[in-house]
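Before any comments, here is the structure.
The values are calculated or read from the model by the stated rules, or taken from the named source; none is laboratory data. All values reported here derive from a predicted model rather than from experimental measurement. Note that each Cβ is placed from the backbone with ideal geometry, even for glycine, and that neighbours are counted across all protein chains shown. When the accessible area is computed, the model is the full protein with side chains, heavy atoms only, and any ligands, DNA or RNA have been set aside. Shrake-Rupley method; radii C 1.70, N 1.55, O 1.52, S 1.80 Å.
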Amino acid sequence: MYRLTNTTQHYAWGSPSAISDLLGREPSGEPEAELWMGAHPSAPSRIDGGEATLLDFVSADPVGMLGSQVAARFKNRLPFLLKVLSAAKALSIQTHPTRAQAEAGYAAEQERGLAPKDPNRNYADDWPKPEILMALTDFEALAGCRDAEDAEQVLAELVSLGADALEPVRASLAAAPEAATVAAAIGRLLEWPADTRAALVAGAVEACGAGVEK
């Protein structure tokens, strides 16, 4: 058995103290959102506090570390990443690809020469992201989307409160209230032109604030 030293990810939604309390150390002064335990290339666990990582160990002897069946099925890679999450704020919306989408998307971005942390990159690796959540404290998780009619009503309210830029998206939902239309509306928002994206977000936030005050 090996003792692992694991990487803490400092995302803005993280708690300032929960992970440090778990590890019995002083807080870093930054939000600490996730503690990664695994062999992900961007932040593999280190072995016994040294420079060697779990990724190094698995790569050097995949069958010995993983077993022959797992090594064959997952191309000599540890097929999961264990994360301890410590959320103090709401997380961002996340969409996860299938394995085929992840492999194709990652290969395309590699071919384009995008750096690993390039803001235009959508695929950090070629893995899908199925997840299991085991909550140790009170935690709310939402999966899926509102139906089209409900989403259209929410957008209509925001438009009435001043978020005029959302009107075309609302109208598309009203015209064809189907699940595929909801996906298209989300895609339209995610691909909103960069030069007006900040104004769109600011307008939506202002409308939400006005709605709370009503």
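Could you please report the charge total around residue 148, scoring K, R as +1 and D, E as -1 over all other residues with beta-carbon less than 11 angstrom from its beta-carbon? Walk me through the numbers before you get to the answer.
Numbers: positive: 146, 170; negative: 147, 149, 150, 152, 178.
Result for the local shell: -3.
What 222 nm value per residue comes from the helices of the chain, counting each DSSP H run with n ≥ 4 as -39,500 (n - 2.57) and dividing by all residues, nearest 500 deg cm²/dmol?
Details: 9 runs with 91 residues, N = 214.
The helix-only estimate for the chain comes to -12500 deg cm²/dmol at 222 nm.
What is the total of Lys pairs in the chain with C-alpha atoms under 29 Å apart, excluding same-chain pairs fewer than 8 positions apart?
9
Identify the chymotrypsin sites (Phe, Trp or Tyr not before Pro) of region 98-199 meeting these criteria: DSSP loop state and at most 15 other C-beta atoms within 10 Å of the C-beta.
139
If I compute solvent accessible area with a 1.4 Å probe over the protein chains, what percent of it on the chain is carbon and sulfur? Numbers along the way, then the final one.
Details: 8280 of 14710 Å².
Result for the chain: 56 percent of the exposed heavy-atom area is carbon or sulfur.
How many nm is it between the label spots at residue 93 and residue 68, if each spot is 7 Å from the Cα in line with the beta carbon?
Result for the modelled spin labels: 4.8 nm.
Quick one: which residues, 5 or more positions from residue 52 or on another chain, have an amide H under 5 Å from its amide H? H modelled 1.01 Å from N in the peptide plane, none for Pro or chain starts.
Hits under the 5 Å cutoff: 47.
Which GluC sites (Glu not before Pro) in region 144-214 pass both tests, a DSSP loop state and at most 14 other beta-carbon atoms within 10 Å? Display every interim value, and only then the final one.
Working: sites: 149, 152, 157, 178, 191, 206, 213; in loops: 178, 191.
When the GluC sites (Glu not before Pro) of region 144-214 are filtered for loop state and at most 14 Cβ neighbours within 10 Å, 178, 191 remain.
Run through region 46-81 and list the trypsin sites (Lys or Arg not before Pro) located in a DSSP loop whose Cβ has at most 16 other Cβ atoms within 10 Å. Could the numbers behind the result be given before it?
Values: sites: 46, 73, 75, 77; in loops: 75, 77.
Hits after loop and neighbour filter: 75.
By the gyration tensor of its Cα atoms, with a ≥ b ≥ c the square roots of the eigenvalues, what is the shape of the chain: rounded for a/c under 1.5, prolate for a/b over b/c, or oblate? Could the numbers behind the result be given before it?
Numbers: a/c = 2.40, a/b = 1.67, b/c = 1.44.
Prolate is the answer for the chain, as a/c is 1.5 or above and a/b outweighs b/c.
Post the alpha-carbon centroid distance, region 166-187 to region 39-91, in whole angstrom.
Cα centroid of region 166-187 versus Cα centroid of region 39-91: 40 Å apart.
How much accessible area per residue does the chain have, counting only protein heavy atoms and a probe of 1.4 Å, in square angstrom?
Each residue of the chain exposes 69 Å² on average to a 1.4 Å probe.
Length gain on complete extension for the stretch residue 82 to residue 132, per 0.36 nm per residue less the alpha carbon to alpha carbon distance? Don't skip to the answer; put the middle values down first.
Numbers: separation 50, 0.36 × 50 = 18.00 nm, distance 0.98 nm.
Extra length available between residue 82 and residue 132 comes to 17.0 nm.
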